[in-house]
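The values are calculated or read from the model by the stated rules, or taken from the named source; none is laboratory data. Everything numeric here is computed off the predicted structure, so don't read it as measured data. Every residue, glycine as well, gets a Cβ built from its backbone with ideal geometry; the counts of neighbours run over all protein chains shown. The area values use the complete protein model at the heavy-atom level, side chains included, leaving out ligands, DNA and RNA. Shrake-Rupley method; radii C 1.70, N 1.55, O 1.52, S 1.80 Å.
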Amino acid sequence: RKHKAMRTFDDMLSDALDQEMQRQGIVIYRNTNGVKSIKCSDEHFNTNEEDEEEEEEGTGKKKVVLNNGEVIPEVDVILMATGRLPAVNGLNLSSIGVMQEEKKGYVITNDYSETSVPNVYAIGDVCGKVELTPMAIAAGRRLADRLFGGAEHAGAKVSYDNVPTVVFSHPPIGTIGLTERQALEKYGPQNIKVYRSKFPNLYYGPWMVEAEDKPKTAMKLICAGKEELVVGLHVIGMGADEMLQGFGIAMKMGATKADFDACVAIHPTAAEEFVTMFPWGLSSAVSGAAVSPLNGAASPEPTLLYPVEGGGEEKDS
């Protein structure tokens, strides 16, 4: 309907996907304002208002008329991704006083999945916060912990911050945290540092094609503050879906650019680019970890519940 897909994602991701789709031969109709009508070509169908006599012979294919006046002819199959609304009308929630958003009907909840009515809870897409299946599962687990887990879990709630998200496009997208635009608005340009990289994945190295024809991987790290806390991480390219989970853990733990630089790269992979991103090793030596990994520090050790026989030292056989 607008000028490009994935408009709410970081511009690097949406622009790279747009370019790649076009490179693959996909024709993109822009600023259409949606679909006006769809008709089979074996119906009497006129696309030219000035010519009332124009008709199409029956072929079994479709014509799509867009709201901006453009026409997509000879279409075999049409898939409509029109969005969705919460299917709660049949529950008659208003009869017991459960508050909903006026426009789309999402159930309004607080941080603990509580609705406006005591003992009535809502989780998942119906709340309209982060519409992802694993997010709903996590919210359900935290709610069950709080309701049935005893005093130890009395304050349990799910976090909707820094939720790793993947789009299974071609190539796939991985994203977590703030977009560059959001980070600039939240922290101001003077407090933001952005690291970028774009390259053909090594998988395509042996391909006997021109370099510009090889699918690209694009990455971005968005860092904020003196410690260069990583507040946004975005990647599009082969393997983006698989690499994001680990980086999601790092961001949830408060990783900084220095933490990323302190991790030894795995070569040859695309993910190594995130821990070698230029300029490397020049960030403030500040770690977001409880036990800093910087400057060759020893790895953290667990607090043991039970003593180890022999004090943990190896015994001679």
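List of remarks:
- Reachable lysines, given that their alpha-carbon falls under 22 Å from the alpha-carbon of K39 and they are not under 8 places away in the same chain: K61, K62, K63
- Amide H partners (placed H, <5 Å) of V120, local residues excluded: T115
- Of K157/K252; K4/K193; K2/K193; K2/K36; K129/K186, those spanning more than 24 Å from alpha-carbon to alpha-carbon: K4/K193; K2/K193
- Partners for K214 among lysines (Cα-Cα distance below 17 Å; same-chain residues under 8 apart left out): K198
- Integer Hz, Karplus 6.51/-1.76/1.60 couplings in order for segment 65-76, x for Gly and Pro: 9, 8, 5, 8, x, 6, 10, 9, x, 6, 9, 7
- Ranking H153, H234, H3 by solvent-accessible area of protein heavy atoms (1.4 Å probe, all protein chains present), from largest to smallest, gives H3, H153, H234.
- Normalised by residue count, segment 163-317 yields a Cα convex hull volume of 178 Å³ per residue.
- Legend: calculated FRET efficiency, T165 to A298, from the Cβ-Cβ distance at R0 = 35 Å, rounded to 0.05, equals 0.55.
- MRE, 222 nm, helices only [DSSP H, n ≥ 4, -39500 (n - 2.57), over the chain, to nearest 500]: -5500 deg cm²/dmol
- In segment 148-239, the C-alpha radius of gyration followed by the widest Cα-Cα span (Dmax) gives 18.3, 63 angstrom.
- The charge dipole of the chain, taken about the Cα centre with unit charges on the Cβ atoms of Lys, Arg (+1) and Asp, Glu (-1), comes to about 1060 debye, rounded to the nearest 20.
- Around the amide H of T179, modelled in the peptide plane, lies no amide H under 5 Å away from a residue 5 or more places distant or on another chain.
- Using heavy atoms of the protein chains and a probe of 1.4 Å, the accessible area assigned to E101 is about 90 Å².
- q = 0.11 Å⁻¹, the chain: log10 I(q)/I(0) [Debye, one scatterer per Cα]: -0.97
- Solvent exposure of the chain, expressed per residue, is 65 Å² of accessible area, with all protein chains present and a 1.4 angstrom probe.
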